[in-house]
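Only one structure is covered here, and it is reproduced in the block below.
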Amino acid sequence: MRRIGLTSFLTIKPFWGKKKAMIEATTTTTPTTGTPVQTTSLIGEIAALVVGAVNLHHVDPTTLTAETSLRDGGLELDSVDMLEVIVAVEQKFGVKVANAETGKKYFRTIGGIAEFVAANRASA
């Protein structure tokens, strides 16, 4: 058991070394609405948050992109996992998902979450 824990730690550690590269901001268009949002660092933060919120220790957050699906054909999260992601995003970024339609619209991909956070941070 201890060896598995140590291996997990060593697998996560390189992520922190690559964090500087993720922090460089660029403009990208989001998959939800196609609007440009400056999100490279936000994508990295959200990817790490999703991986941590639902304990996806086998997934390297640096491999996730704006187009990475949270459900089918991507991370394959179930409804409980999705709820955990929504709560984690709300707590970390101080935003609120007002209703189910908003959740369904934005919480399909990593980029959709980034778009939601960027839009709702600006209005807060």
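No lab work stands behind these numbers, since they all come straight from the coordinates. What you see is a predicted model, and the numbers here were worked out from it, not measured in a lab. So basically every Cβ, Gly included, is an ideal-geometry build from the backbone, and we count neighbours across all protein chains shown.
Amide H to amide H under 5 Å from T109: which residues, 5+ apart in sequence or cross-chain, H placed 1.01 Å off N in plane?
Those qualifying (amide H under 5 Å, at least 5 residues apart or on another chain) are L70.
Loop only by DSSP, 15 or fewer other Cβ within 10 Å of the Cβ. Give me the trypsin sites (Lys or Arg not before Pro) in the range 63-121 that pass, ordered by residue number. Walk me through the intermediate numbers first.
Values: sites: R71, K92, K96, K104, K105, R108, R121; in loops: R71, K96, R108.
Qualifying residues, ordered by number: R71, K96.
Compute the relative contact order of the range 34-94 as a whole-number percentage, counting only Cα pairs closer than 8 Å that sit 6 or more residues apart in sequence.
Details: 33 pairs, mean separation 20.1, N = 61.
Once divided by the residue count of the range 34-94, the mean separation gives 33 percent.
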